[in-house]
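Step one of this worksheet: look at the structure below.
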Amino acid sequence: MTKQLHLISTGKQSAEQFASICARIHPYIDAIHVREKRKTAREVSAFVAALIESGVPPQKIIVNDRVDVAAVFGVKGVQLAHHSLSVCQVKPHFPALAVGCSVHSLDEAKEAEKSGADFCIYGHIFPTASKPGMRPRGVESLRIVAGGVHIPVIAIGGIHAGNAAQVLQAGADGIAVMSAVFLARDPVAEAKKLAHIVKQT
């Protein structure tokens, strides 16, 4: 599998701000996740609609948790968290959706694979402001998880252009980035930089 670059919304921007950035960076990105934990289905759908209206291809959009929104818009897929419906519940009813699963251990990754998940997101790898006070899992644990399953493992957590290569070299099939792009002074430059690292590693 070709290594992938996923971007994930921060929950700190409006649908318009988010879509405006994504309109400029999506050519360099493999997947854009709408991860807005505090928003209703209607509000999440506004984010997806804004992305599509700004020219982002639906097949690059992944919706976190809200299977209903992902299905209504016919986007690439859905990312399930521990509080979401299970992979086993979603996959048979929505075969057109790529189903990802957030995992935090090798056992959870194996369970996701066994359940039929198409990929998993594992982290957090490095310290990150979105997980204050929580010890990062580190690159070596990523190496174990990536080597223990056959589905793609996308690494997340504190990843930026300065450490992305070592994450990919540890066996990750891709990286997922939030603030390093969306809160950057120049999101396009950061996206290009990360895309180059992903392609070269």
SER141 meets each of (1) closer than 25 Å to LYS12 by Cβ; (2) part of a helix (DSSP H, G or I); (3) in contact with a Ser or Thr (Cβ under 9 Å, 6 or more places away or on another chain) with one exception, condition (1)
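Can you pull out the residues in the stretch 30-63 that are under 17 Å from GLY100 (Cβ atoms) and either touching a helix residue (DSSP H, G or I) at 6+ places or on another chain (Cβ under 8 Å) or aromatic (Phe, Trp, Tyr) (or both)?
The initial filter retains those residues of the stretch 30-63 that are under 17 Å from GLY100 (Cβ atoms), namely 30-37, 44, 48, 58-63.
Listed by number, the residues that qualify are ASP30, ALA31, ILE32, VAL34, GLU36, VAL44, VAL48, PRO58, LYS60, ILE61, ILE62, VAL63.
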Residues of the stretch 74-129 being in a helix (DSSP H, G or I) and open to solvent by less than 60 Å² (accessible area, probe 1.4 Å), in sequence order, are VAL87, VAL90, LEU106, ALA109, ALA112, GLU113, SER115
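Restricting to the stretch 130-151, give me the number of residues that are open to solvent by 40 Å² or more (accessible area, probe 1.4 Å) and either touching a helix residue (DSSP H, G or I) at 6+ places or on another chain (Cβ under 8 Å) or within 20 Å of MET178 (Cβ to Cβ) (or both).
Of the residues in that region, 10 qualify.
Go over the candidates HIS160, HIS150 one by one and state the one that is under 23 Å from VAL34 (Cβ atoms) and in a loop (DSSP other than H, G, I, E, B).
Values: HIS150 fails: under 23 Å from VAL34 (Cβ atoms).
Answer to the check: HIS160.
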Only one of (1) touching a Ser or Thr at 6+ places or on another chain (Cβ under 9 Å); (2) farther than 20 Å from THR10 by Cα does not apply to PHE94, and that is (1)
Within the bounds of the stretch 58-73, is there any residue that is farther than 14 Å from SER9 by Cβ and outside any helix (DSSP H, G or I)? no
- Query: If you check VAL63 against the conditions, is it β-branched (Val, Ile, Thr) and over 17 Å from VAL177 (Cα atoms)?
  - Reply: no
Item to complete: Answer with yes or no whether ALA155 is more than 14 Å from the chain's Cα centre (by Cα) and either modelled with pLDDT of 95 or more or over 18 Å from LYS131 (Cβ atoms) (or both).
Response: no
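Could you tell me whether any residue of the stretch 165-181 is open to solvent by 20 Å² or more (accessible area, probe 1.4 Å) and part of a strand (DSSP E or B)?
Applying the first criterion (open to solvent by 20 Å² or more (accessible area, probe 1.4 Å)) to the stretch 165-181 yields 165-166, 169, 171, 173, 178-180.
Those still in the list that are part of a strand (DSSP E or B) too: none.
Looking for residues that are open to solvent by 20 Å² or more (accessible area, probe 1.4 Å) and part of a strand (DSSP E or B), one finds none in the stretch 165-181, hence no.
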Counting only residues that are under 17 Å from ARG185 (Cβ atoms), in contact (Cβ under 8 Å) with a residue 12 or more places away in the chain and surrounded by fewer than 21 Cβ atoms within 10 Å (Cβ to Cβ), the stretch 1-20 contains a total of 4
Contact list, first residue from the stretch 55-69 and in contact (Cβ under 8 Å) with a residue 12 or more places away in the chain, second anywhere and aromatic (Phe, Trp, Tyr) and not in a loop (DSSP other than H, G, I, E, B), beta-carbon distance below 7 Å, six or more apart or interchain, is PRO58/PHE73
Scanning the stretch 21-49 for residues that are over 16 Å from the mean Cα position of the chain (by Cα) and among the basic types (Lys, Arg), the one most open to solvent (accessible area, probe 1.4 Å) turns out to be ARG38
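Taking the stretch 24-68 as the region of interest, how many residues are among the hydroxyl-bearing types (Ser, Thr, Tyr) and more than 22 Å from LEU5 (Cβ to Cβ)?
Initial filter on the stretch 24-68 (among the hydroxyl-bearing types (Ser, Thr, Tyr)): 28, 40, 45, 54.
With the extra rule that they be more than 22 Å from LEU5 (Cβ to Cβ), the set shrinks to 40, 45.
Number of matching residues: 2.
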Within the stretch 189-199, the residues that are open to solvent by less than 40 Å² (accessible area, probe 1.4 Å), in contact (Cβ under 8 Å) with a residue 60 or more places away in the chain and more than 18 Å from VAL34 (Cα to Cα) are LEU194, ALA195, VAL198
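The values are calculated or read from the model by the stated rules, or taken from the named source; none is laboratory data. Everything quoted here is computed from the prediction, not taken from an experiment. Counting neighbours? That spans all protein chains shown, and the Cβs are built from the backbone with ideal geometry, glycine included. When the accessible area is computed, the model is the full protein with side chains, heavy atoms only, and any ligands, DNA or RNA have been set aside. Shrake-Rupley method; radii C 1.70, N 1.55, O 1.52, S 1.80 Å.
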